Number of protein chains: 2
Amino acid sequence: MTEIASNAHGELTTRLLAGLPGSAVVEDPAVLAAYRNDMAGFCESGDPAVLVFPTTVEQVRHVLRTATELRVPVVPQGARTGLSGGANAVPGCILLSLVKMDRILELDRVNRLAEVEPGVVNAVLSRAAEEVGLAYPPDPSSWESCTIGGNIGTGAGGLCCVKYGVTSEYVLGLDVVLADGRLLRTGRRTAKGVAGYDLTRLFVGSEGTLGVVVGATLALRPKPAPQLALAAEFPSTEAACAAVNAVVEAGFTPSLMELMDAVVVRAVNRLGQMGLPESTRALLLVAFDGPERQREVQRVAELCRAAGATEAVPADDQAESDLLLAARRLALPALETLGTTMIDDVAVPRSRLAEMLDGVARIAERCGVLIGVVSHAGDGNTHPVVAFDAKDPEQAQRAQRSFDEIMALGLELGGTVTGEHGVGLLKKEWLARELGPVGVEVQRQMKSLFDPLGILNPGKLF
Amino acid sequence: MTEIASNAHGELTTRLLAGLPGSAVVEDPAVLAAYRNDMAGFCESGDPAVLVFPTTVEQVRHVLRTATELRVPVVPQGARTGLSGGANAVPGCILLSLVKMDRILELDRVNRLAEVEPGVVNAVLSRAAEEVGLAYPPDPSSWESCTIGGNIGTGAGGLCCVKYGVTSEYVLGLDVVLADGRLLRTGRRTAKGVAGYDLTRLFVGSEGTLGVVVGATLALRPKPAPQLALAAEFPSTEAACAAVNAVVEAGFTPSLMELMDAVVVRAVNRLGQMGLPESTRALLLVAFDGPERQREVQRVAELCRAAGATEAVPADDQAESDLLLAARRLALPALETLGTTMIDDVAVPRSRLAEMLDGVARIAERCGVLIGVVSHAGDGNTHPVVAFDAKDPEQAQRAQRSFDEIMALGLELGGTVTGEHGVGLLKKEWLARELGPVGVEVQRQMKSLFDPLGILNPGKLF
C-alpha cells in the first residue's frame, strides 16, 4: 500500500485537485507532521501523503473516488482528540480532515433534532441547542474541541451517560460516503423507524473503517435544570462502590456519578487548589438535574453515610455544585502533570466496580507504577490513568504491562476493554480477545463488505 | 427452493430428529396450518415442511446446521402477533418456533438488566421486573402475548416510546445462531461499550433474516410511578396536533401522548362502553409518570385549551387515569369490529403530523373506505386502520390502494413506511422506495453476508 501510494504521489495530488480547491489540499511536511497523530500515547503513525480539508459532500466523494481508483488509504480525522490512535496516519495515506465541514444546518425545536456537518464542535452544538431550550447530552472530556463526526466515529460517551446514554442513542440518521464514493443515507428524521437494517448504529463507533460520515441527524432533549451535586468521602473503595450500588438499587438515576481515587484527588488539588479532602480514599460525586434534585441529593447523602462515608455533603448552592463538577473536569489534566500518561477505558458491570478498582490498585503495586483512577461509577466505566517517566524504558515497559493487565482484569470481570474511547490501534489485540473467533470473523466480513480494497483507515480495529 | 425441500422432506425430518426430541418436531398438517401466518392481513404464506420447538441453544444450532446442509429455508417465529407477515411460512420451510425457550435466566437489580430466552412473553418479563422495582418499558399492543424475541426481530415499539424509546434502546447484547449454526455473541453486559461494530442493533429489527436470536441481555429501568393522564377534546386534527407540538416545544416529556380520531372514539365506545365524547374530532391523551405529574397534567391541560381544545380534563384520580389508558388500549380491537382491517404504521416528523392525518382523511374519501387513525402522536407515529368488507373484491382493492397511498404520503412528508411494525412481506416494495438504490444495495449485501444461501426467512424485507 505504501509503495503504491508513494509512486502515485504526484498523480494523487493532481487527481485530488481536480475536485478540490488548491487551498483544501496540503502537502507541507510540517503541517502533515502536525496532523499525523491523535492524542493517544504509544501508538505508531506513518507519513501521510497529503492532507485535505473538503468543505462539501461532493468534495469528500471526490476524495474517496480518487482513493479507490489509486488504491490509496484514507484516514478520516476530526479534532484528533481521540485516545486510541484511531485517527493516526498510515504510510502514504490521505488524511481526510472534516473540521471545515462545521455547519449546524438545522435546529428543530418541535422535532427535537439537529442536522449537522461532521466538523461541528461538540460544545458549539451543545450551546446552540441550549439557546433554543434543548440539549445535546453526550459530553466527552474533550467536548470543547472534539467534533460530532469524531464523537460518532468513536461512539463517544462522557459524564452524562449514566442518565442520558452515549452518542449512539442520539444519532437518528447519517449521510455516509462509502469507500467508492457512493453516498449512503441511513436512518431517518422521525422519532421511530424500523425500515430495514439499522445501518446508522453500525457506523457509530466504526472509527472511519466503514465509510466517512458527512452529515448527521441528531436527536436533542429538553434542556435539564442545572445539576445539583453532593460529594461524599469514603475510607475505602469498597464502601464507595457499595454506596454507588445502593443508590442504583434504591431506584435513583443521577445525572452524574463519578468516583475519584486518592491519587486523583491529590493531583486535582495540586493543579487547581480545589481544597478536596486529601485524607479520603475515594471521593464520590453524585448529581441530579430533575425537579426533585434537592430532595434527591439529601437522600443520596444518607445512603452514602449508611454505606460508610465519613462525610457526605450536598452542595449548599449552585456555585458550590459547579465547583465540585469543575474539580472532576480537572481530573485528566491533573493526572497529566504527574508524568507521561496512558489512559485506559475499561467498563465492567456496575456491581463489580469495587473488584475492578481493587484489582487496579494491586496491578499498580505489582508493576511498580502510579495509577490514578477516575470512574464514571454509575456506568461501571473506569479510566485508570497510568503515569510514568517515558524516558525510562524499563518504567515505560512496566506501564505498558499494567495497562494490559487492566484490560485483562476488565474482561475477567465480564467487562469490555473500551467503554467509550474506541479500539483504534491501541486495543486491536484486545478487541479480538473480547469478541472471540466468531465475533472477529463476522466483524472482519463487515469490514470487507464496506471496504473491499481495504483503503478505509486500514490497520485500525483489527 | 420448494422442490428441493419437498424432495428432502423425509430426510429433513430424520435429520432434525437427530438433534431434537420427537416432541419438538411437528408434521401434523393441521398444526402446521395453524402456524403458517402471523396477524398481518393480505400476506401470502406457503406450506411449511415442518414445525420445530427447540428448548435449547444447541437444538437451534442443530436446526440451522440441518437447514444449511439441506438448503431448506427457516422461518423463525415468536407469538406470531406481527402485523407485516414477517413470520409467515414460505413453501417447504422449517417453522422455527422459539416460544418454548421462555425462561428469564436472570434479573439483576444492581446492574439493571435481564438475561432472557427469546420466547419470554413481554408481559411476563415486565411483571417480573416490576416485582424487583424495575421496568422493561417497550409495550407493543400485543404485550400480553408477544415474545421478546419477536419484539427484537421487529424492533417493536409501543405507547411508552415517546419517553422511553423502542426495543433497540433496551438490547445490550444478543446470542445469535447464524445461518450455518455458528453461535455469535454480540454486545455486552456493561452500561457502555464500543468494542467493535455494533452488531447488536443490526440484528434488532432484522426480522429473522440475518440470524436467530436465542438469548438477550436487556437493560431495565427503575419502575416509574403510575401514569396520570388527561384527556383533551379538539374540534379539528390541526388543533390537536398544534397542542402536541406546543407540549413538546414547552419542554415536556410525557410518558404517553396518544391521539384518536372520531372513527376510533366511536368504535371504542361501541366496544367498551367507555363514554368517550363522540362529538370530538380528535381526542388527545397525555400522561406523565414523574414526580411532578400532577402539576404537569394541569399545565398541559392549559396548553391544550390554548391550542383550541373544547375540553381538557386531567383525571381526578388513578382509577380515572387507568380508565383513559384502557380506552386507548381498546382502539385496535374496537376497529377490528368494523370489518376486515389493515393496520398501517407510518411515522412522520412530529411537526408534520397534522398534514399526515389530514392527508389520510382525504385518502379515505378518495378511495371510499373507512379509515380510523390512532397515533402515537408524540412520536409522529400513525396507525391508520383501513376497515373494509373483504368479501367485496372491489372494496378490498380500494382498501389496498388507500394503504399504499398512506405510505406514499408518509414518505412525501419525510417519514418512514414503518415506525414499529416492520417490513415483512407487506411493505417490501415500499422499503425499496424508502431506502433508495444505494440503501437497498448495501442492505442486500448485508443480507448476503449473513445468509449466503438465502435460507433465513427468505422473501422478507427485500
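The values are calculated or read from the model by the stated rules, or taken from the named source; none is laboratory data. Model, not experiment: these values are computed from the prediction. Heads up, the Cβs are rebuilt from the backbone with ideal geometry, glycines too, and the neighbour counts pull from every protein chain shown.
Only one of the numbered conditions (1) surrounded by fewer than 20 Cβ atoms within 10 Å (Cβ to Cβ); (2) farther than 29 Å from B:C93 by Cβ; (3) within 13 Å of chain A (Cβ to nearest Cβ) is not met by B:G378, and that is (1).
A:R188 falls short on exactly one of the conditions (1) facing chain B (nearest Cβ under 8 Å); (2) surrounded by 24 or more Cβ atoms within 10 Å (Cβ to Cβ), and that condition is (2).
Here the condition is being in a helix (DSSP H, G or I), buried (at least 24 other Cβ atoms within 10 Å of the Cβ) and touching a residue at least 12 places away in the same chain (Cβ under 8 Å); of B:G359, B:G410, it holds for B:G410 alone. Here B:S321 fulfils each of the conditions (1) of a type in the set (S, T, N, Q); (2) within 14 Å of chain A (Cβ to nearest Cβ); (3) farther than 15 Å from B:V244 by Cα apart from (2). One residue alone among B:G208, B:G187 is touching a residue at least 60 places away in the same chain (Cβ under 8 Å) and at positive phi, and that residue is B:G208.
Looking at A:A301, A:A319, can you tell me which residue is in a helix (DSSP H, G or I), out of contact with any strand residue (DSSP E or B) (no Cβ under 7 Å at 6 or more places or on another chain) and small (G, A, S)?
Only one candidate qualifies: A:A319.
Return yes when A:G410 is out of contact with any Gly (no Cβ under 6 Å at 6 or more places or on another chain) and over 30 Å from A:V74 (Cα atoms) and no when it is not. Explain how you work it out, then say what you get.
Details: out of contact with any Gly (no Cβ under 6 Å at 6 or more places or on another chain): yes; over 30 Å from A:V74 (Cα atoms): yes.
It is true that A:G410 is out of contact with any Gly (no Cβ under 6 Å at 6 or more places or on another chain) and over 30 Å from A:V74 (Cα atoms).
Given the options A:L183, A:L172, name the one that is surrounded by fewer than 24 Cβ atoms within 10 Å (Cβ to Cβ), in contact with a Lys or Arg (Cβ under 7 Å, 6 or more places away or on another chain) and facing chain B (nearest Cβ under 7 Å).
After ruling out the rest, the residue left standing is A:L183.
Scanning for something away from chain B (no Cβ under 14 Å) and farther than 30 Å from A:P21 by Cβ, does region A:90-102 turn up at least one residue?
Kept after step one, since they are away from chain B (no Cβ under 14 Å), are these residues of region A:90-102: A:90-102.
If we keep only those that are farther than 30 Å from A:P21 by Cβ too, we end up with none.
No: zero hits.
Comparison of A:A246, A:A229, A:A219 shows that the only residue that is out of contact with any strand residue (DSSP E or B) (no Cβ under 9 Å at 6 or more places or on another chain) and of a type in the set (A, V, I, L, M) is A:A246.
Do we have B:A364 as more than 11 Å from chain A (Cβ to nearest Cβ), free of Cβ contacts under 8 Å to residues at least 40 places away in the same chain and either polar (S, T, N, Q) or not in a loop (DSSP other than H, G, I, E, B) (or both) here? Steps first, please.
Working: more than 11 Å from chain A (Cβ to nearest Cβ): yes; free of Cβ contacts under 8 Å to residues at least 40 places away in the same chain: yes; either polar (S, T, N, Q) or not in a loop (DSSP other than H, G, I, E, B) (or both): yes.
Yes; evaluated as a whole, the condition is true for this residue.
The lone criterion from (1) in a helix (DSSP H, G or I); (2) modelled with pLDDT under 95 left unmet by B:A399 is number (2). Do you know which of the residues in region A:324-345 that are farther than 21 Å from A:A232 by Cα and surrounded by fewer than 18 Cβ atoms within 10 Å (Cβ to Cβ) is farthest from the other protein chains (Cβ to nearest Cβ)? So the residue we want is A:T337.
Taking the numbered list (1) of a type outside the set (G, A, S); (2) touching a Cys at 6+ places or on another chain (Cβ under 8 Å); (3) on the phi > 0 side of the Ramachandran plot in turn, A:Q273 passes all entries but (2). When A:E144, A:E131 are screened for being touching a helix residue (DSSP H, G or I) at 6+ places or on another chain (Cβ under 9 Å) and among the acidic types (D, E), only A:E144 passes. Residues in region B:432-447 that are facing chain A (nearest Cβ under 7 Å) and more than 20 Å from B:G415 (Cβ to Cβ): B:V442, B:Q445, B:M446.
Assuming A:V348 fulfils every condition listed in (1) on the phi > 0 side of the Ramachandran plot; (2) crowded, with 22+ Cβ neighbours inside 10 Å apart from one, which condition is it? Among (1) on the phi > 0 side of the Ramachandran plot; (2) crowded, with 22+ Cβ neighbours inside 10 Å, the lone unmet condition for A:V348 is (1).
For region A:272-283, state whether one or more residues are small (G, A, S) and touching a Gly at 6+ places or on another chain (Cβ under 8 Å).
Going through region A:272-283, the residues small (G, A, S) turn out to be A:272, A:275, A:279, A:282.
Checking the rest, the ones that are also touching a Gly at 6+ places or on another chain (Cβ under 8 Å) come to none.
The answer is no, given that none of the residues of region A:272-283 is small (G, A, S) and touching a Gly at 6+ places or on another chain (Cβ under 8 Å).
B:S402 meets all of the listed conditions (1) buried (at least 23 other Cβ atoms within 10 Å of the Cβ); (2) within 9 Å of chain A (Cβ to nearest Cβ); (3) of a type outside the set (D, E) but one, namely (2).
Applying the condition of being more than 11 Å from every other protein chain (Cβ to nearest Cβ) and among the aliphatic types (A, V, I, L, M) to region B:125-151 and asking which residue is nearest to B:G215 (Cα to Cα) yields B:I148.
Among the residues of region A:217-261, those that are of a type outside the set (S, T, N, Q), away from chain B (no Cβ under 14 Å), assigned to a helix (DSSP H, G or I) and crowded, with 19+ Cβ neighbours inside 10 Å comprise A:A239, A:A240. Identify, please: which residue in region A:112-139 is surrounded by fewer than 24 Cβ atoms within 10 Å (Cβ to Cβ) and out of contact with any strand residue (DSSP E or B) (no Cβ under 8 Å at 6 or more places or on another chain) and is, among those, modelled with the lowest pLDDT? Applying the filter and picking the extreme gives A:D139.
Any idea which of (1) free of Cβ contacts under 8 Å to residues at least 24 places away in the same chain; (2) of a type in the set (D, E); (3) over 24 Å from A:P333 (Cα atoms); (4) surrounded by 21 or more Cβ atoms within 10 Å (Cβ to Cβ) is the one A:E106 doesn't satisfy? (4) is the only condition that A:E106 fails.
Looking at region B:413-462, which of the residues that are touching a Phe, Trp or Tyr at 6+ places or on another chain (Cβ under 9 Å) and free of Cβ contacts under 8 Å to residues at least 40 places away in the same chain is nearest to B:F203 (Cα to Cα)? Among those that are touching a Phe, Trp or Tyr at 6+ places or on another chain (Cβ under 9 Å) and free of Cβ contacts under 8 Å to residues at least 40 places away in the same chain, it is B:Q443. Scanning region A:16-75 for residues being small (G, A, S), crowded, with 20+ Cβ neighbours inside 10 Å and out of contact with any helix residue (DSSP H, G or I) (no Cβ under 6 Å at 6 or more places or on another chain) gives a total of 3.
Assigned to a loop (DSSP other than H, G, I, E, B) and not small (G, A, S): does that describe B:T418?
Details: assigned to a loop (DSSP other than H, G, I, E, B): yes; not small (G, A, S): yes.
Answer is yes for this residue.
Would you confirm whether any residue within region B:289-302 is within 27 Å of the chain's Cα centre (by Cα), within 14 Å of chain A (Cβ to nearest Cβ), crowded, with 17+ Cβ neighbours inside 10 Å and farther than 19 Å from B:A387 by Cα? So far as region B:289-302 goes, yes, one or more of its residues are within 27 Å of the chain's Cα centre (by Cα), within 14 Å of chain A (Cβ to nearest Cβ), crowded, with 17+ Cβ neighbours inside 10 Å and farther than 19 Å from B:A387 by Cα.
When the criteria are applied in full, A:S126 meets the requirement of being among the hydroxyl-bearing types (S, T, Y) and not assigned by TED's automatic domain parsing to the domain that holds A:L32.
Scan region A:448-457 and tell me whether some residue there is of a type outside the set (A, V, I, L, M), surrounded by 17 or more Cβ atoms within 10 Å (Cβ to Cβ) and facing chain B (nearest Cβ under 7 Å). Show your work before the answer.
If we filter region A:448-457 for residues that are of a type outside the set (A, V, I, L, M), which is where we start, we get A:448, A:450-452, A:454, A:457.
Subsequent filtering for residues that are surrounded by 17 or more Cβ atoms within 10 Å (Cβ to Cβ) retains A:450-451, A:457.
Retained after the next criterion (residues that are facing chain B (nearest Cβ under 7 Å)): none.
Looking through region A:448-457, none of the residues is of a type outside the set (A, V, I, L, M), surrounded by 17 or more Cβ atoms within 10 Å (Cβ to Cβ) and facing chain B (nearest Cβ under 7 Å).
Scanning region B:76-87 for residues that are surrounded by 24 or more Cβ atoms within 10 Å (Cβ to Cβ), of a type outside the set (G, A, S) and under 12 Å from the mean Cα position of the chain (by Cα) yields one hit, B:L83.
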